[in-house]
Amino acid sequence: MWNSFKKNRFVKILASFDVTVICLLFLMVLTFWGTLYQIDYGLYAAQQKMFRTWFFTFLGFIPFPGAKLVLWVAFINLVLAGLFKHTYHWRKIGLLFIHYGLLILIVSAGFTYHFAQESSLTLAEGEAANVSDDYHEWEIALWRQTAKGDTVTRDGEAVSLRSAKPGETISFPTFSASFAVDQKYPNCKAMVGPPKTGFLANSFNINELISQDDASDPAENNPGVILEFSGKSAVNLIGKMIVYGGAPTATPIEVDGKPAFIAVRRVKHPLPITLQLIAFRKTEYPGTDKARSFESDVALGHGGVFKKANISMNKPYREAGFTFYQASFAQSGQGQTSTFAIVKNYGRMLPYICCLMVGGGLILHFVMRLFQFARRKKLGENHAA
């Protein structure tokens, strides 16, 4: 059975070194293309269109393989080539280093895709923060806050929106509060108007949520929930309340006779680094308002040490296991705002190890081939003599 599998024509094609070269060429094109695409549409849009899809189209109708498909084909190719193509001999050690370096590199890409923590942070010039918002995950948060001078302290807890199922009850043990989830919308838009019968007042006077398809960019999604308060817990309300993730402010409620706030918001990730935006700059194509490039001057505080850095589209900054990318920008009432993509990647060192393996394999292979050439030449000269 093993021999018949090895001799299968399709397996032979998949294990071919020609397939390896084709996959590497496709990845090179996608990397270059994605870098250009990022300039006009932002980092996340480039990731979604070209790197996290099996196929995408350009010019509206021409199909092109995405990096997800190319990497899977390359992974299968390298595994089969390692089983059937390579000769495991010390003379081939350079090629083996190259082969397994590429294989581990693809595995590390999969590890990053599934386990890296991705979040974002948007700052106006002069603003600083040390908490980022998750790209994908949302939560229902309940908290109290106290102000002392210019400092506002929040004390509360949160429940994952993913775990909030319609018809079920979610609880906040710290507050002895619970309520039923009447409806949940993964992405929706809010309608504003007078409260409907049976509904409680909420922040921003929202009286209806209308479901929408999920956006390709999670940053554009705004989920919402309709919660039903029964009066059986510490929440001193009876009726239904709309809580919308796109609302500009949280909804004030009363819990156990004391004021509190409830909101649907992105999951918060505390950072060991305080990031401050000093200045944001963008360069436009002549005669247009289209951004050619954009960059941010920032100050970072970590462990009591502050330093300045520049973060641009192709020049990320790394600190304390986090990588800060210049993702996008926007115009707000406060002027220009800069958005940073923040990635905590536990397998960050794997690509460096793989590159060392591939580079070392190339050097080893070249040196060994050089010695073989010199040895053959010497033997030829002796034979001629």
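The values are calculated or read from the model by the stated rules, or taken from the named source; none is laboratory data. These numbers were taken from a predicted model, which means no experiment stands behind them. Cβ coordinates were reconstructed from backbone atoms using ideal geometry, including for glycine residues, and neighbour counts include every protein chain displayed.
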Taking region 246-262 on its own, how many of its residues are among the small types (Gly, Ala, Ser), out of contact with any helix residue (DSSP H, G or I) (no Cβ under 8 Å at 6 or more places or on another chain) and on the phi < 0 side of the Ramachandran plot?
1
Residue check, Thr197 against (1) surrounded by 13 or more Cβ atoms within 10 Å (Cβ to Cβ); (2) outside any helix (DSSP H, G or I), all met but one. Which one?
(1)
Has region 362-370 got any residue that is at pLDDT below 80 and of a type outside the set (Ser, Thr, Tyr)?
no
Give Arg154, Arg144 a once-over and let me know the one that is surrounded by 15 or more Cβ atoms within 10 Å (Cβ to Cβ), closer than 17 Å to Ala250 by Cβ and of a type in the set (Lys, Arg).
Arg144
Determine which member of the set Arg348, Arg318 is assigned to a strand (DSSP E or B) and farther than 16 Å from Lys282 by Cβ.
Arg318
Say whether the condition of being exposed (fewer than 14 other Cβ atoms within 10 Å of the Cβ), of a type in the set (Val, Ile, Thr) and not assigned by TED's automatic domain parsing to the domain that holds Glu208 is met by at least one residue in region 270-289.
yes
Might you let me know whether region 145-159 holds any residue that is outside the structural domain of Ser338 (by TED's automatic domain parsing), on the phi < 0 side of the Ramachandran plot, of a type outside the set (Gly, Ala, Ser) and part of a helix (DSSP H, G or I)?
no
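Residue-by-condition table, conditions (1) touching a helix residue (DSSP H, G or I) at 6+ places or on another chain (Cβ under 6 Å); (2) surrounded by 14 or more Cβ atoms within 10 Å (Cβ to Cβ); (3) assigned to a strand (DSSP E or B):
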site	(1), (2), (3)
Phe64	no, yes, yes
Lys68	no, yes, no
Asn77	yes, yes, no
Tyr88	no, no, no
Arg91	no, no, no
Phe97	yes, yes, no
Ile104	yes, yes, no
Gly110	no, yes, no
His114	no, no, no
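Residue-by-condition table, conditions (1) assigned by TED's automatic domain parsing to the domain that holds Val367; (2) charged (D, E, K, R); (3) touching a Gly at 6+ places or on another chain (Cβ under 6 Å):
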{"site": "Leu25", "(1), (2), (3)": "yes, no, no"}
{"site": "Tyr37", "(1), (2), (3)": "yes, no, no"}
{"site": "Phe56", "(1), (2), (3)": "yes, no, yes"}
{"site": "Phe61", "(1), (2), (3)": "yes, no, no"}
{"site": "Lys68", "(1), (2), (3)": "yes, yes, no"}
{"site": "Phe75", "(1), (2), (3)": "yes, no, no"}
{"site": "Arg91", "(1), (2), (3)": "yes, yes, no"}
{"site": "Leu96", "(1), (2), (3)": "yes, no, no"}
{"site": "Thr112", "(1), (2), (3)": "yes, no, yes"}
Looking only at region 226-242, decide whether some residue is in contact with a Cys (Cβ under 8 Å, 6 or more places away or on another chain) and surrounded by 15 or more Cβ atoms within 10 Å (Cβ to Cβ).
no
